[in-house]
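What follows is a single structure, written as C-alpha cells, with notes after it.
Every number in this text was worked out from the coordinates using simple rules, so none of it is lab data. This is a predicted model, so every value here is computed, not measured. Neighbour counts run over all protein chains shown; Cβ positions are idealised from the backbone, glycine included.
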Ligand SMILES: *Cc1c(COP(=O)(O)O)cnc(C)c1O
C-alpha cells in the first residue's frame, strides 16, 4: 500500500514551482525537483518512486547506501545527490553511489575525490557549497574565498565543478543569500544553482535556482 498523499504533495509542489517560474519569467522546466528522502520512512519513498519520481537527495552517505544501493538495479534512471557534509573517509563510498556531490567544501576533499574517481573510473558531478551566511557551525566556503577556491579545484585539481549550493541561515530572509549565490556563480561561469528547500523554494526559483531540494513538503515531517 502506498500513501496517496505523497502523489498529491508532488503535484502540489510541482504546481507551485511552475507558478513561481512563470511569475519570474522563467521556463517551467528550468528547475529540477530534488526530493530529499533523508530519515523518511520507507513507504513514503516507495510512493514517490511509484509516482514516477527519480531524483533524490540524501545528507548521509551510510543512510543513502542502505536505502538506495540495492535499488539502482531496479531504477536505472535514478539520480542520487549528496546534499550533506562529506567526511574524507566516506569519499570512496560517496563516489561509488552518488551521481552528484553538492557539498564540495575543502581542498582536501577535492584531492580525495580525484583519487577515488581515478580508482573507480567514475566521476560524480560536483557542486561547491558556499556558506553564504558565514555561519561557524555550517559547512561551506565563505563568499570571500569562493573565487579562489573554485579556481583551485578546477585548475589545480581538474575537477568539473558544475554549480554552487547554499543553505541560508535559519531565521534570515533567504532572498539575499540566493542572490549572492547567483552572483558568485555568474562571475565564475557556473550556471547551476542548488538552492531552496520546503520553506523557500519558490523564492529560490525567482532568484535562478536550477534545482530545489525539497523534503518535508513532499514527504511530510521527518519522524
Ligand atoms: C534536509 C535538507 C533539505 C530539505 O529540507 P526540507 O525543509 O525538509 O525541505 C534540503 N537541503 C539540505 C541540505 C537538507 O539537509
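With the requirement that a residue be crowded, with 17+ Cβ neighbours inside 10 Å and not in a loop (DSSP other than H, G, I, E, B), what does segment 164-195 give you?
Matches in segment 164-195: 164, 165, 177, 178, 180, 181, 182, 184, 185, 192, 193, 194.
Quick one: which residue in 118, 145 is part of a helix (DSSP H, G or I), more than 22 Å from residue 80 (Cα to Cα) and out of contact with any helix residue (DSSP H, G or I) (no Cβ under 9 Å at 6 or more places or on another chain)? If you could, list the steps in order and put the result at the bottom.
Working: 118 fails: more than 22 Å from residue 80 (Cα to Cα).
Just a single option satisfies the conditions, and that option is 145.
Any residue in segment 133-140 that is more than 19 Å from the chain's Cα centre (by Cα), more than 16 Å from the ligand (Cβ to nearest atom), loosely packed, with under 13 Cβ neighbours inside 10 Å and assigned to a helix (DSSP H, G or I)?
no
Restricting attention to segment 202-219, report how many residues are more than 8 Å from the ligand (Cβ to nearest atom), more than 11 Å from residue 26 (Cβ to Cβ) and in contact with a strand residue (DSSP E or B) (Cβ under 7 Å, 6 or more places away or on another chain).
Qualifying residue count for the region: 3.
Does residue 167 satisfy being more than 10 Å from the ligand (Cβ to nearest atom) and either touching a helix residue (DSSP H, G or I) at 6+ places or on another chain (Cβ under 9 Å) or farther than 20 Å from residue 84 by Cα (or both)?
Working: more than 10 Å from the ligand (Cβ to nearest atom): no; either touching a helix residue (DSSP H, G or I) at 6+ places or on another chain (Cβ under 9 Å) or farther than 20 Å from residue 84 by Cα (or both): yes.
Taking the combined requirement at face value, the residue does not satisfy it.
Do you know which residues across segment 196-223 are in a loop (DSSP other than H, G, I, E, B), closer than 16 Å to residue 18 by Cα and within 14 Å of the chain's Cα centre (by Cα)?
Selection gives 196, 197, 198, 209, 210.
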